[in-house]
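Since the structure comes first, as structure tokens, the remarks are kept for the end.
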Ligand code: MG
């Protein structure tokens, strides 16, 4: 079976998201627990999350749907829902939970928190999605879930 980690990193970059951006979100989620935490310290956890096949599949699926909605190659009602990032459409969050579920309750609560706070690249994706033509309906949740999972992994591995 192929490892899609490099492909996923390139795909995220093609949508304006770097692993550095995700590490910064993970650092934000851990900042209350660790003074002077650097995003570089979260990078290993981000890369580890990106190594999981289920995470890779969620990235491939979510970004494909965003791109297809931009190109208008989906069912027209679904296109319209995704383009508006309709508030009652929750499938983007459900896909993101699939990532968080691999990393336990800290990942899930962190995901809810960063989704509300819209920190860093997530705020940027959200704003960009309001422009006509750009659909970031799935990717903002995927990025939040990867950051939340990396923060959870970091928290569990921390040894005093
Ligand atoms: Mg979304």
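The values are calculated or read from the model by the stated rules, or taken from the named source; none is laboratory data. For clarity, every value in this text was computed on a predicted model and none was experimentally measured. So basically every Cβ, Gly included, is an ideal-geometry build from the backbone, and we count neighbours across all protein chains shown.
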* Asked: Of all residues in segment 19-44, how many are closer than 18 Å to residue 120 by Cα and either in contact (Cβ under 8 Å) with a residue 24 or more places away in the chain or in contact with a helix residue (DSSP H, G or I) (Cβ under 6 Å, 6 or more places away or on another chain) (or both)?
  -> 16
* **Filter result (outside any loop (DSSP other than H, G, I, E, B) and either away from the ligand (no atom under 11 Å from the Cβ) or loosely packed, with under 12 Cβ neighbours inside 10 Å (or both)) within segment 66-80** => 67, 68, 69, 70, 71, 76, 77, 78, 79, 80
* **Subset of segment 50-65 [within 14 Å of the ligand (Cβ to nearest atom) and farther than 23 Å from residue 26 by Cα]** => 65
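Using the structure shown, decide if residue 110 is within 14 Å of the chain's Cα centre (by Cα), within 12 Å of the ligand (Cβ to nearest atom) and either closer than 28 Å to residue 71 by Cα or part of a helix (DSSP H, G or I) (or both).
Details: within 14 Å of the chain's Cα centre (by Cα): yes; within 12 Å of the ligand (Cβ to nearest atom): no; either closer than 28 Å to residue 71 by Cα or part of a helix (DSSP H, G or I) (or both): yes.
So residue 110 fails the test.
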* Might you let me know whether segment 138-145 holds any residue that is within 11 Å of the ligand (Cβ to nearest atom), over 20 Å from residue 30 (Cβ atoms), at pLDDT below 95 and touching a helix residue (DSSP H, G or I) at 6+ places or on another chain (Cβ under 8 Å)? => no
* To do: Of the numbered conditions (1) in a helix (DSSP H, G or I); (2) away from the ligand (no atom under 12 Å from the Cβ); (3) surrounded by fewer than 23 Cβ atoms within 10 Å (Cβ to Cβ), residue 134 fails exactly one; give the number of that condition.
  => (1)
* Structure fact -> Across (1) modelled with pLDDT of 95 or more; (2) farther than 30 Å from residue 44 by Cβ, residue 132 clears everything bar (1)
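Residue 130 - would you say it is out of contact with any helix residue (DSSP H, G or I) (no Cβ under 6 Å at 6 or more places or on another chain) and closer than 21 Å to residue 23 by Cβ?
Numbers: out of contact with any helix residue (DSSP H, G or I) (no Cβ under 6 Å at 6 or more places or on another chain): yes; closer than 21 Å to residue 23 by Cβ: no.
No: the conditions fail for residue 130.
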* Selection count where residues are modelled with pLDDT of 95 or more and surrounded by fewer than 21 Cβ atoms within 10 Å (Cβ to Cβ), scope segment 25-43 -> 1
* Mind listing whichever residues of segment 87-100 are more than 10 Å from the ligand (Cβ to nearest atom) and exposed (fewer than 14 other Cβ atoms within 10 Å of the Cβ)? => 88, 94
* **Filter pass, residue 103 being assigned to a helix (DSSP H, G or I), touching a residue at least 24 places away in the same chain (Cβ under 8 Å), within 15 Å of the chain's Cα centre (by Cα) and more than 12 Å from the ligand (Cβ to nearest atom)** => yes
* Asked: Among the numbered criteria (1) within 15 Å of the ligand (Cβ to nearest atom); (2) in a helix (DSSP H, G or I); (3) closer than 23 Å to residue 20 by Cβ, which single criterion is violated by residue 119?
  -> (2)
* Asked: Is there any pair linking a residue in segment 142-155 that is at negative phi to one that is not in a helix (DSSP H, G or I), with Cβ under 8 Å and at least six apart or on different chains, and which?
  -> 143/17; 155/33
